[in-house]
1. Based solely on C-alpha atoms, express the radius of gyration and the Dmax of the range 424-543 in angstrom.
2. Over the residues of the range 692-735, compute the C-alpha Rg and express it relative to 2.2 N^0.38 Å.
3. In degrees, nearest 10, range 0 to 90: what is the angle between the Cα axis of helix 406-423 and the longest Cα principal axis of the chain?
4. Cα to Cα, under 15 Å, and not fewer than 8 places away if on the same chain: which aspartates and glutamates meet these conditions relative to residue 332?
5. Please compute the alpha carbon radius of gyration of the range 562-651, then divide it by the globular-protein estimate 2.2 N^0.38 Å. Two decimals is fine.
6. How much accessible area does residue 618 have with a 1.4 Å probe, in Å² rounded to the nearest 10?
7. Based on the alpha carbons, how large is the Rg to Rh ratio for the range 335-468 when Rh follows Kirkwood?
8. Of 611, 642, 656, which is farthest on the positive side of the dipole of the range 578-662, counting Cα position, with +1 on Lys and Arg Cβ, -1 on Asp and Glu Cβ, and the Cα centre as origin?
Amino acid sequence: MNVVISLNGTWQFCSKKDKQWKNGRVPGCVQMDLMALGELGDPFYRLNEIDFHKLEEEEWIYRKEFEWNDALPVSGRVYLVFEGIDTLADVYMNGYYLGRAENMFIPYRFDVGEILRSGLNEVEVHFDSPIRTIRAMERNSPITLRGANNEIGRPYVRKAQYSYGWDWGPRIAQVGLWRPVYLEVVETAKIRYPFFETRRINKDGAFVATGAEIEMVAGDDGKTVLHDEMEAFVEIFYQGKVVVSEKASIDRFRGKLQLSWEGLIENAALWYPNGMGQQPLYEVKLRLVHNGKTVDEHSFRTGIRTVRLIRERDEMGESFIFEINGEKVFAKGANWIPADSLLPRLTEDDYYYYIKAAKDANMNMLRIWGGGIYEHPAFYEACDRMGIMVWQDFMYACAQYPDQFDWFQRLAETEAEHVVKSLRIHPSIVLWCGNNENNWGFHSWWGNGVPKYLGNYIYQEILPRVCAENDPSRPYWVSSPYGGEDPNSMAEGDRHCWTVWSGWADYNEYLNDTGRFISEFGFQAMPCLKTIYSFTQPEDRHPLSPVMLSHNKMVDGTERLVRFMIAKAGFPKDFSSFVYLTQFIQAEAIKTGVEHWRTRKFNTAGTLYWQLNDCWPVASWSCIDYHRRKKGLYYYTKNFFHNILIVPKYKEGRIFIHAVNDTLDELDARVRVTAYALDGTKKGEIYMKAILLPNSASVIGSIQPEELGIGYRPVVMPVDADPTVLPVEKNGELLDTVLFVELVADGQSVRNYLVFDAFRNLELKEPNISCVVKGNKIELVSDKPAFGVFIETQRDVELSDNCLVLEPSIPHVVEASEEPGDVKTVDITRMVIKLY
């Protein structure tokens, strides 16, 4: 049988400049090793990031000595395997040059059988400077590339593009062996790159195909050995029971040996996205037998499901709808970026935490953004288990790329083949996407139109071919956004909506966006207070301190936070109020967009906000900050992505009640609409019944304000009107009203609310909020409508809910992960001051 011998653990490293050898760790990187030795501080603390910039000119060497005492099989091979080299490096063993690494996204495998010696062996990896090499490439290039980043050389290297800084991340150009290193001994044959495909599903069951590539090392004529002595077998298990146990065929396919099997699985348990069904996983075991002896076997878990991207012409343009197992799916989720700027720190538990958090927030899709990395297998395995569909970008982002050159085309094709073949067993992946925003850039930023090169040859030629050849079961999409003459069209394809926030527009502008699938939109907020305390000193804790400004990487990011806070809520009393208000307004902004697009179902068929997570502690668009503390947006997400949604809207003098049912069942619903004055006095209440059709959105009723006891009292208010602020007459009774709505269906209760102007324009009354703690449960009751209610706990615990809107006299119970200690609350009326 084949064996793997780990070379992880302690290595030595040095700078080529001083040749002072020190102990380091693999997997790891130079930056982490220097931190462990106390020679570098925490890059996330205060302004320490600058010390990491100073390392970029350095060249490094890593080396490892190890004993080899095993006898090499007569006709076998031994490979030295690096799963991840970051990034430009030369590899040596025992003084022999093995080859050059040029891509952090792919493994490097060197045949070292003739170089290994009995006894002591040594591996060395010589790293280029992560900046000098790419600047030299850019400087000597006959073409000029453009991109959205200060480092214009980054497109020349297949390295995570965010390494050189982004508008949410620091500039830390990691260098090192960031994934495992090992010796792989292959005695006779090796199973590589398994696949599993659901061909079709009908009343008889699921027709599936599975198999893998075979590497033969047992003879010069692999075909003779293959047909005379090699056999392949497939076993498929479900819940511990064998559902398939058959012999597989072995053939040549596109020049490579491949074992394959296809057949019917009766009564197949189908994999569905979170909220639409279960996520049953089958175990597939592939086995090779030579002369009656098992020489290799490989097992993996996968799901049975079909995926289709519905693109059909209609009166608005062209649809963009994901369909799983014949059912349309409204995609609800967020964008994913690398969860650390120092990637080797991430663990499988970290990935589980984030994917579980996405599931618990009622998400069903994450988009892996194209400026980061192809994620660790644990990420995809967690998505498989929890029903989180994955939109997988290839790693090209916000730049032109040098695909005029044959060498870059070869890099791109090798990378794509490895990525697609490595990930295609995961049912969670539902789309391959060529890049992030580059085709939009050709059209709208750089004036290229539709170029042949500058990256477009990769997106239009190489990637679709690689995907079609190696994974025909999933759709390929050229870019994000893409579709129509304008790649960021509202009429077709997917859309990035950045008029709000980046374009300084008020978030009510979301209501004018009729995009078919919103794959990016976002709104910034500060990280949580305890996270801010982790990277600041007391003197840093004000919005305009150098530290706080450095921990917001967007141009004018702090200014935008202030602009929208004042426009929607008012002036904060102190720094903690500033933090809470930004989170409250972020949550309100994303809620506005999501509810608008969900009530358009399936005219709009998905909303993925920017972003789920952070790579360091920063003011950003995330709903979970770097230290895994959940911002107000996360808690709002649980509600606005719930499978059943109720949305009150005020339009043309009437209140319309919208309902969304994402389940596949018809539901009987009861609805309560209650109007309160802002002092807590109940004005009126209406009940109604409705039938919610499966997988649909509808208006289930409309109400005149008078039916809820809302009269008319004229007030004069200013409103923004280009080019001046004009006074208009408004209904003061509406401004003194908040609606609370509740829908009960399928044993579940969902709630929502509606106010009739920006919070700063309402005469909010300070609520009296009682707070009773019993064990790990916190019960809140307010005597008045209360908005932006944040629970502060003495202990750093996880809460089931926060950033609350409380209906008068209705108890709200929040569970803490453990006893919270002392608890207090703040709300918007206690955060805002009036300036005189």
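1. Computed over the Cα atoms of the range 424-543, radius of gyration and Dmax are 19.1, 58 Å.
2. Working it through for the range 692-735, the quotient is 1.82.
3. With rounding to tens, the tilt is 70 degrees.
4. 323, 360, 494, 520, 595, 662
5. 1.18
6. Roughly 0 Å² of residue 618 is accessible to a 1.4 Å probe.
7. With Rg and the Kirkwood Rh in hand, the quotient comes to 1.00.
8. 656
The values are calculated or read from the model by the stated rules, or taken from the named source; none is laboratory data. Note that this is a predicted model, so its numbers are computed, not measured. Glycine gets a Cβ as well: all are built from the backbone with ideal geometry, and neighbour counts include every protein chain shown. Heads up: the accessible areas ignore ligands, DNA and RNA and are worked out on the full protein's heavy atoms, side chains in. Shrake-Rupley method; radii C 1.70, N 1.55, O 1.52, S 1.80 Å.
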